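The values are calculated or read from the model by the stated rules, or taken from the named source; none is laboratory data. This is a predicted model, so every value here is computed, not measured. Every residue, glycine as well, gets a Cβ built from its backbone with ideal geometry; the counts of neighbours run over all protein chains shown.
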């Protein structure tokens, strides 16, 4: 018998499995393309750009289709296609087919992420902010597990990573088939407004905050690429110290999210704004620490500050989007929110590399802080000016633990 409400437990299980599987692919991309397939770093950058653009397009398309077609069929189709892509990785992981597979994989992963977020809007017995906090927690938890295993498995051969990924996506398909078959019924309040466009201030705040998320990911993308080069080539720090930063990142995200959800902070609107604006400030502050970081301790401090910003701001933006959209538009705007990280990852390394090449790392750090500060002011001004005029579509409920 079909259900009308999504189970938060199985949504989080699906999110964990999806990111556990994805975590076997992206951490080794740069190393495998450069060291094993002998491609230049410029070529690697273009491949990562194609992967990120594929993710963004997949998220946007998935969100729009979610509102128009049967979500249950859409998610089954995309997971099945992802299984086929992982099998293709096993069979064809040379150049240039690896790059082609990676682009397709990016498109499908963006699709899955957006549709999982859209399903998150159908969890009605738990506050939406709690749902998106937990989605972010489980996605990072799965990624941490995967990256910890990658270092052990990759020396045995990259094929083993793809085999494990196939197994996990098959498991995800089983979870989807059993627990994601919902009947989507619009609320009466939404049925009366299906022909009316989203109000001007709802749209304005949504687009400005999603734009802010893009900027945060442009900043965060420097940690994923350019900072590793700066630490190892410029400062001659060992690679294990850069890897240890991500161990700190993963552990701290888990701690922060556990505290937020244990104290039930996510159901407070004031806490939501503190998380969004506090997160923006943290990202800006971290970039002001980096010019003075010359040892592992300095970079670890900057990573701790960045992680506080990441763990607080990132999950709250899709939660805010959920509150400002009616049911018939949730897929579209969750797709845009899910595309924001991909856009930031796509253009962040390119912009950072351009600044580094022409002005150096110090300009990158100070410029990044300034860009985040401008974004903070823009988001704050927009929210203060217009939030009183928005229409809210989701009333918070007490989280059930």
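Checking the stretch 58-75 against the condition returns a match, with at least one residue being assigned to a helix (DSSP H, G or I), touching a helix residue (DSSP H, G or I) at 6+ places or on another chain (Cβ under 7 Å), closer than 29 Å to residue 228 by Cα and not assigned by TED's automatic domain parsing to the domain that holds residue 327. Considering 81, 100, the condition of being in a helix (DSSP H, G or I), within 18 Å of residue 14 (Cβ to Cβ) and in the same structural domain as residue 20 (by TED's automatic domain parsing) is satisfied by 81 alone.
Within the stretch 180-216, the only residue that satisfies the criterion of being part of a helix (DSSP H, G or I), surrounded by 15 or more Cβ atoms within 10 Å (Cβ to Cβ) and either modelled with pLDDT under 85 or not assigned by TED's automatic domain parsing to the domain that holds residue 327 (or both) is 190. Of all residues assigned to the stretch 231-239, none qualifies as being assigned by TED's automatic domain parsing to the domain that holds residue 354, in contact with a helix residue (DSSP H, G or I) (Cβ under 7 Å, 6 or more places away or on another chain), at pLDDT below 85 and buried (at least 22 other Cβ atoms within 10 Å of the Cβ).
The rows are residues; the columns are (1) within 24 Å of residue 293 (Cα to Cα); (2) in contact with a helix residue (DSSP H, G or I) (Cβ under 7 Å, 6 or more places away or on another chain); (3) surrounded by fewer than 19 Cβ atoms within 10 Å (Cβ to Cβ).
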| site | (1), (2), (3) |
| --- | --- |
| 353 | yes, yes, yes |
| 370 | yes, no, yes |
| 378 | no, yes, yes |
| 381 | no, no, yes |
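Which is assigned by TED's automatic domain parsing to the domain that holds residue 377, surrounded by fewer than 17 Cβ atoms within 10 Å (Cβ to Cβ) and at pLDDT 85 or above, of 255, 276? The match here is 255. Candidates in the stretch 270-317 are the residues that are in contact (Cβ under 8 Å) with a residue 12 or more places away in the chain and not in a helix (DSSP H, G or I); of these, the one that is farthest from residue 12 (Cα to Cα) is 294.
Per-residue answers, yes or no, for (1) surrounded by fewer than 24 Cβ atoms within 10 Å (Cβ to Cβ); (2) without any contact (Cβ under 8 Å) to a residue 60 or more places away in the chain:
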{"site": "36", "(1), (2)": "yes, no"}
{"site": "46", "(1), (2)": "yes, yes"}
{"site": "56", "(1), (2)": "no, no"}
{"site": "60", "(1), (2)": "yes, no"}
{"site": "64", "(1), (2)": "yes, no"}
{"site": "78", "(1), (2)": "yes, yes"}
{"site": "90", "(1), (2)": "yes, no"}
{"site": "97", "(1), (2)": "yes, yes"}
{"site": "110", "(1), (2)": "no, no"}
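Among the residues of the stretch 323-346, what is the count of those that are closer than 18 Å to residue 287 by Cα and at pLDDT 85 or above? Residues in the stretch 323-346 being closer than 18 Å to residue 287 by Cα and at pLDDT 85 or above: 1 in total.
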